[in-house]
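**Q** After the structure tokens below, expect a handful of questions from me.
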Amino acid sequence: MVSKLSVSEIKIKKIKEIIRELTNKVATNCEQEQSNGLLSGLAGQLLFLYNAHRFDSSFVNEDMFVEHLDHLQQGLPDQSFELSNGLAGQAWVLEYFNQANAEGYEYDLLDDIDSLFVQALGSFPWDGEIEMVLGLAGYSPYASRRAKFSDQEKLYEVIVGGFERNATELDNGQITWSQPLDSVYRLDKGDDRDNPQESTGAEYNLGLAHGVPGILAALLHAVNVPALRERATKLLVGGCDWLLGQQNKSIEPHSACFGCSVGGVKESRLGWCYGDLTIALTLARVGKAIDRPSYVDKALKIALHTTTRDDKSGHIIDAGLCHGSVGLVTIYQILNNIMPHPALEKATHTWLDYSLAKYDEKGMASFYSYNGLSKSHNEDFSFLMGYAGIGLAYIGFLDDDVSWTDCLLLS
């Protein structure tokens, strides 16, 4: 738990004012939002508004919220399946809302979607994306959330089986997963190489969003299914041992412990999508789940090393959950909850103060998302990159409740 003793009443008041302002922005945007998705559409924005209402009921108009929630539910039959903009993410949100009302929990609300996922994903050997945004790992947040109240063995069997079939098991017992040849997330597409054929080889991504750490996080809750525990544990141990072997050999202060991919640039940013923070968090969570203290010890060393980095060495250029300053508040908060340490608690407050200082300087523009194509900052209302996720992070800091982060494979 992050101590609030060092947070002044003035600072708390400022954060509350920011949350109210973000709420107003997101609520207005819901009227014109075209996507129903979790990461970048209506579902993610409703997730924020729901928590903002729980934080302070005066912040959100209930009738407006119910209207948009009805719209989301009515659109379910027309959705694709993936986490990002599809059914896996939207159904996760509905289950989150359902569980928040424990006394009135509807056990059969998503039974049809349970069956749909098992049938659709298990009807053929998985040969699509394996990462979380569009791929197989993205069904784990729904399964783990649903498993709190229902039996998800069938869906977990599909997920574990898919990763078993796509795994590369090395002679030393280590296990890894190469990015599929036709993946949209392959970093090396051969466009600027002398021999484009080389790009058809194995590529090992080290980001939580699109790589091996995300697969390990997706497998983690499967150890709670007795029939799958042994199979999931084998994948987790082999995968963590492989991942630790990819750590940079020479690590200087302010530098990264892991790059973004094997054989690529040795640097990575501080963030959710790529980098040392979520690798450390994944290792710590696996270590706790399967009683491997060595993973937790190594995770703590990696996490502590990240505290030597600042906005320049961490490549922090905006505020969102994906790779921004406010997102770091949430990640350090979770890390400190799992592995309590003064340096991790301090880092939580450091990035909180950083984000508030930017707000003092630029106002709401400090929360704009950076677009790498246009090289400009633009207003963004989304959960992953924009206002909705930033608001959730601030609420999570004040309430010390970041249970919603399981949808990002953080808990």
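**Q** Pairs, please: C-beta under 6 Å, at least 6 apart or cross-chain, first residue surrounded by fewer than 19 Cβ atoms within 10 Å (Cβ to Cβ) and in the stretch 169-190, second among the β-branched types (Val, Ile, Thr)?
**A** Sorted first by the residue in the stretch 169-190, then by its partner, the pairs are GLU169/ILE175; LEU181/THR200.
**Q** Now for a different question. Residue check: is GLY287 closer than 30 Å to LEU22 by Cα and at pLDDT 95 or above?
**A** It is false that GLY287 is closer than 30 Å to LEU22 by Cα and at pLDDT 95 or above.
**Q** What number of residues in the stretch 205-250 are within 19 Å of ILE302 (Cα to Cα) and open to solvent by 10 Å² or more (accessible area, probe 1.4 Å)?
**A** 10
**Q** Moving on. In this structure, is ALA303 in contact (Cβ under 8 Å) with a residue 24 or more places away in the chain, surrounded by 16 or more Cβ atoms within 10 Å (Cβ to Cβ), of a type in the set (Gly, Ala, Ser) and closer than 20 Å to PHE397 by Cα?
**A** Yes, satisfied.
**Q** Report whether or not ASP310 is acidic (Asp, Glu) and closer than 24 Å to LEU38 by Cβ.
**A** no
**Q** So which residues in the stretch 159-188 are assigned to a loop (DSSP other than H, G, I, E, B), hydrophobic (A, V, I, L, M, F, W, C), at pLDDT 95 or above and more than 20 Å from the chain's Cα centre (by Cα)?
**A** If the condition is that a residue be assigned to a loop (DSSP other than H, G, I, E, B), hydrophobic (A, V, I, L, M, F, W, C), at pLDDT 95 or above and more than 20 Å from the chain's Cα centre (by Cα), then ALA167, LEU170 are the ones that fit.
**Q** Within the stretch 189-236, count every residue that is at pLDDT 95 or above, in a loop (DSSP other than H, G, I, E, B) and farther than 18 Å from LYS288 by Cβ.
**A** Result for the stretch 189-236: 7.
**Q** Quick check on SER80: is it outside any helix (DSSP H, G or I) and surrounded by fewer than 18 Cβ atoms within 10 Å (Cβ to Cβ)?
**A** When the stated conditions are applied, SER80 passes them.
**Q** Kindly indicate which of ASN61, ASN36 is open to solvent by 10 Å² or more (accessible area, probe 1.4 Å), under 23 Å from the mean Cα position of the chain (by Cα) and more than 15 Å from TYR387 (Cα to Cα).
**A** Of the residues listed, the single one that is open to solvent by 10 Å² or more (accessible area, probe 1.4 Å), under 23 Å from the mean Cα position of the chain (by Cα) and more than 15 Å from TYR387 (Cα to Cα) is ASN36.
**Q** Another question about this same structure. Tell me yes or no: at least one residue of the stretch 140-158 is in contact with a His (Cβ under 9 Å, 6 or more places away or on another chain), open to solvent by less than 30 Å² (accessible area, probe 1.4 Å), closer than 18 Å to LEU243 by Cβ and at pLDDT 95 or above.
**A** Within the stretch 140-158, one or more residues are in contact with a His (Cβ under 9 Å, 6 or more places away or on another chain), open to solvent by less than 30 Å² (accessible area, probe 1.4 Å), closer than 18 Å to LEU243 by Cβ and at pLDDT 95 or above.
**Q** Looking at the stretch 313-334, can you tell me whether even one residue there is in contact with a strand residue (DSSP E or B) (Cβ under 8 Å, 6 or more places away or on another chain), small (Gly, Ala, Ser) and open to solvent by 20 Å² or more (accessible area, probe 1.4 Å)?
**A** No, the stretch 313-334 contains no residue that is in contact with a strand residue (DSSP E or B) (Cβ under 8 Å, 6 or more places away or on another chain), small (Gly, Ala, Ser) and open to solvent by 20 Å² or more (accessible area, probe 1.4 Å).
The values are calculated or read from the model by the stated rules, or taken from the named source; none is laboratory data. What you are looking at is a predicted structure, and each value in this text was computed from that prediction instead of being measured. Glycine gets a Cβ as well: all are built from the backbone with ideal geometry, and neighbour counts include every protein chain shown. SASA here: full protein model, heavy atoms, side chains in, ligands and nucleic acids out. Shrake-Rupley method; radii C 1.70, N 1.55, O 1.52, S 1.80 Å.
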